[in-house]
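Worksheet: one structure, shown below.
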Amino acid sequence: MAVAAQTIVEEPRVVLSARGLTKNFGAFAAVKNVDLDVHHARVHALIGPNGAGKTTVFNLLTKFHQPSAGEIMLLGNDITRTPPDRVARMGLVRSFQISAVFPYLSVLDNVRVALQRPNRLSTQFWLPMSSLDRLNERADELISSVGLTRERNALAADLSYGRKRVLEIATTLALDPKVLLLDEPMAGMGQEDIGTVSSIIREVAKTRAVLMVEHNLKVVADICHHVTVLQRGEILAEGDYQAVSQDERVRLAYMGSEEA
């Protein structure tokens with residue numbers, strides 16, 4: 001009798017990992033012995049109460065801070081002592097809590113500026129502006145992918161806060177990251193923009209890893225494959241959202257003891 005072949009589902013590969021990640025500021029331990037694995041084609045959330053160490057972990061991973069102890073690996077390479085600019089060129093790119101776009105450039109020109117580095121134009125300052133026209137096709141693809149086509153020629157200053165954050169994602173994607181770190185991407189957004197950005201992140205994660213700090217638990221539940229909960233710089237719990245949301249330690253420390 002023929003035996004049906006079994007389908008083997010492979011776990012997505014780890015593209016960013018930390019082992020024993022620790023950061024001390026004097027006598028204060030902001031991050032203590034954190035182990036983290038971020039997988040390709042997955043959205044991984046880092047959550048926890050204020051002061052839990054989430055942004056410090058981001059700063060350690062992107063090398064804005066040097067760890068006091070531990071190891072960080074990116075795409076199989078040890079980046080523990082690698083400077084932040086080189087880490088970014090290796091494919092680890094982050095956004096920040098405050099929107100970082102050029103307000104008096106158009107949406108198109110903001111994206112073209114971001115495209116200069118991967119296209120080796122960032123140091124060729126003597127070239128005329130027309131030399132950037134070769135970037136228009138890719139810029140328009142990125143603008144379309146985040147739903148900003150109608151605002152293509154608008155000044156970034158004239159965009160709503162939510163649309164500025166969407167533009168920032170487009171400029172971040174212009175750097176062609178392998179791992180994308182998003183620091184509170186939904187902060188300050190209305191419900192319509194939250195839905196838009198959630199859809200963008202879900203689409204982005206089909207071809208790269210996304211690690212995000214996020215306080216909106218509805219967003220975390222909706223789009224994240226894995227959740228790591230921090231408390232006082234240490235990992236309190238991890239797993240999918242359903243598992244961590246039912247963990248009594250998490251409920252007491254972060255979500256409260258009442259039903260979510």
Pairs returned, first residue in segment 182-211 that is in contact (Cβ under 8 Å) with a residue 60 or more places away in the chain, second residue that is polar (S, T, N, Q) and not in a helix (DSSP H, G or I), beta-carbon separation under 7 angstrom, 6 or more apart or interchain, are Leu182/Ser95; Asp183/Ser95; Asp183/Gln97; Glu184/Gln97; Pro185/Ser95; Ala187/Gln97
Check whether at least one residue in segment 53-72 is of a type in the set (Lys, Arg) and buried (at least 22 other Cβ atoms within 10 Å of the Cβ), and report yes or no.
-> yes
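Every residue, every condition in (1) at pLDDT below 85; (2) of a type outside the set (Phe, Trp, Tyr); (3) over 26 Å from Ile235 (Cα atoms); (4) assigned to a strand (DSSP E or B), yes or no:
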position: Gly51; (1), (2), (3), (4): no, yes, no, no
position: Glu71; (1), (2), (3), (4): no, yes, no, yes
position: Leu108; (1), (2), (3), (4): no, yes, yes, no
position: Leu115; (1), (2), (3), (4): no, yes, yes, no
position: Leu121; (1), (2), (3), (4): yes, yes, yes, no
position: Ser130; (1), (2), (3), (4): yes, yes, yes, no
position: Arg134; (1), (2), (3), (4): yes, yes, yes, no
position: Glu137; (1), (2), (3), (4): no, yes, yes, no
Residue, surrounded by the most Cβ atoms within 10 Å (Cβ to Cβ), within segment 13-28, restricted to residues that are more than 19 Å from the chain's Cα centre (by Cα) and part of a strand (DSSP E or B) | Lys23
When you go through Leu142, Leu175, Leu167 one by one, which is the residue that is within 30 Å of Leu60 (Cα to Cα) and in contact with a strand residue (DSSP E or B) (Cβ under 8 Å, 6 or more places away or on another chain)?
-> Leu175
How many residues are buried (at least 18 other Cβ atoms within 10 Å of the Cβ), touching a strand residue (DSSP E or B) at 6+ places or on another chain (Cβ under 6 Å) and either farther than 22 Å from Phe58 by Cβ or not aliphatic (A, V, I, L, M) (or both) when one looks only at segment 223-246?
-> 6
Inside segment 138-163, can you point out the residues that are among the charged types (D, E, K, R) and surrounded by 21 or more Cβ atoms within 10 Å (Cβ to Cβ)?
-> Arg163
Which condition number in (1) outside any strand (DSSP E or B); (2) at pLDDT 95 or above; (3) under 16 Å from Glu234 (Cα atoms) is the one that Thr80 fails?
-> (3)
Could you tell me which numbered condition His215 fails, if it satisfies all but one of (1) of a type outside the set (D, E, K, R); (2) surrounded by fewer than 17 Cβ atoms within 10 Å (Cβ to Cβ); (3) out of contact with any strand residue (DSSP E or B) (no Cβ under 8 Å at 6 or more places or on another chain); (4) within 23 Å of Asn59 (Cβ to Cβ)?
-> (3)
The residue from Lys63, Lys32 that alone is among the charged types (D, E, K, R), over 22 Å from Lys218 (Cβ atoms), over 14 Å from the mean Cα position of the chain (by Cα) and modelled with pLDDT of 95 or more is Lys32
First in segment 78-90 and under 15 Å from Phe58 (Cα atoms), second anywhere and assigned to a helix (DSSP H, G or I) and of a type in the set (A, V, I, L, M), Cβ under 6 Å, 6 or more apart = Ile79/Val87
For segment 143-260, which fully contained helices (runs of 4 or more DSSP H) count at least 2 residues that are modelled with pLDDT of 90 or more and more than 26 Å from Val107 (Cβ to Cβ)?
-> 217-223, 241-245
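The values are calculated or read from the model by the stated rules, or taken from the named source; none is laboratory data. Quick caveat, the model's predicted, so the values are computed rather than measured. Here the Cβ is made from the backbone with ideal geometry for all residues, glycine too, and neighbour counts use every protein chain on show.
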